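Worksheet for the structure shown next.
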Amino acid sequence: MITTTHGEMDEALLEKREGKVDNENEHTTWVEYWLDGELIHRSAHITLKKPVCAFGEAAKLGE
Amino acid sequence: MANTQAFCTQAKADLMNGLHAFGTSVIRAATTKDAYKAALYLTTATRGAGDTVYSVTGEVSGTNYTAGGVAVTTATGPSTSGTTAFFTPSASIVYTNVTLATAFDAVLIYNDTSASKLALSVHTFGAQTITAGTLTLTMPTNDATNGLIRIA
């Protein structure tokens, strides 16, 4: 069963579409379920790849 | 053995733990860690390095999404490896059974314990919408190379 905008529905009754993107910033997959041309479910799973980084540096004195 | 100029590695982790205060600091109510939350922002928002606190401006809205977002799990504190300190939430950030019809592409992680909801970091990704579904943000590997927050 799939949660949809029309409530729980049997997956077998729906058209399933999937996609993914993989680049330096993320690996993302998504799944959509359509009923008679209407998008009634869409979920996404994003894996973040790029950290945010601060660079700490101690200055050399006397220069 | 010669002396070596350095930003001490442990101090980087200590900064993450709030143990240094070069400016006016705050009186902390307890020694417990702070709570963090993750809020989603529309592609039209302008979240970034200039953010100082959580803002509702440009935040997503929709079925089963509460303004302010969801809690971030921080079971594992900051670590160090080599000369890098790093921290990564210990579980995926999950928005369950939501409908977010307007495209969003960023998440702001902020300190929900601080009175002003201090901003921590902004992470972007390709634009998404969610329809009666679940958005899962899985964290990178918690190490010195990939950790979500790093001081190198």
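Each value in this text was obtained by applying a stated rule to the coordinates, not by laboratory testing. Only a predicted model underlies this, so the values are computations on that prediction, with no experimental measurement involved. Counting neighbours? That spans all protein chains shown, and the Cβs are built from the backbone with ideal geometry, glycine included.
Given the criterion under 16 Å from B:A119 (Cβ atoms), out of contact with any Cys (no Cβ under 8 Å at 6 or more places or on another chain) and either touching a residue at least 24 places away in the same chain (Cβ under 8 Å) or not polar (S, T, N, Q) (or both), identify the matching residue among B:Y36, B:Y95. If you could, list the steps in order and put the result at the bottom.
Values: B:Y95 fails: under 16 Å from B:A119 (Cβ atoms).
That would be B:Y36, the only listed residue that is under 16 Å from B:A119 (Cβ atoms), out of contact with any Cys (no Cβ under 8 Å at 6 or more places or on another chain) and either touching a residue at least 24 places away in the same chain (Cβ under 8 Å) or not polar (S, T, N, Q) (or both).
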Any chance region B:59-70 includes a residue that's in contact (Cβ under 8 Å) with a residue 12 or more places away in the chain, in a strand (DSSP E or B) and of a type in the set (A, V, I, L, M, F, W, C)? yes
If you check A:V52 against the conditions, is it at the interface with chain B (Cβ under 7 Å from one of its Cβ atoms) and either surrounded by 12 or more Cβ atoms within 10 Å (Cβ to Cβ) or in contact (Cβ under 8 Å) with a residue 60 or more places away in the chain (or both)? yes
Looking only at region B:35-60, count every residue that is of a type in the set (S, T, Y) and surrounded by 14 or more Cβ atoms within 10 Å (Cβ to Cβ) and tell me the total. 5
Only unsatisfied item for B:A6, checking (1) in contact with a strand residue (DSSP E or B) (Cβ under 9 Å, 6 or more places away or on another chain); (2) touching a residue at least 40 places away in the same chain (Cβ under 8 Å); (3) not β-branched (V, I, T), is (1)
Name the residues in region B:119-152 that are more than 27 Å from A:V31 (Cβ to Cβ), at the interface with chain A (Cβ under 7 Å from one of its Cβ atoms) and not hydroxyl-bearing (S, T, Y), would you? B:G147, B:I149, B:R150, B:I151, B:A152
Are there any pairs with C-beta distances below 9 angstrom linking a residue in region A:32-48 that is more than 7 Å from chain B (Cβ to nearest Cβ) and within 12 Å of A:L14 (Cβ to Cβ) to a residue that is assigned to a loop (DSSP other than H, G, I, E, B) and not aliphatic (A, V, I, L, M), with the two at least 6 apart or on different chains, and if so which? A:L35/A:H6; A:E38/A:H6
List every residue pair whose Cβ atoms lie under 6 Å apart, where the two residues are 6 or more positions apart in sequence or sit on different chains, the first residue falls within region A:1-29 and is at the interface with chain B (Cβ under 9 Å from one of its Cβ atoms), and the second residue, located anywhere, is part of a loop (DSSP other than H, G, I, E, B) and among the hydrophobic types (A, V, I, L, M, F, W, C). none
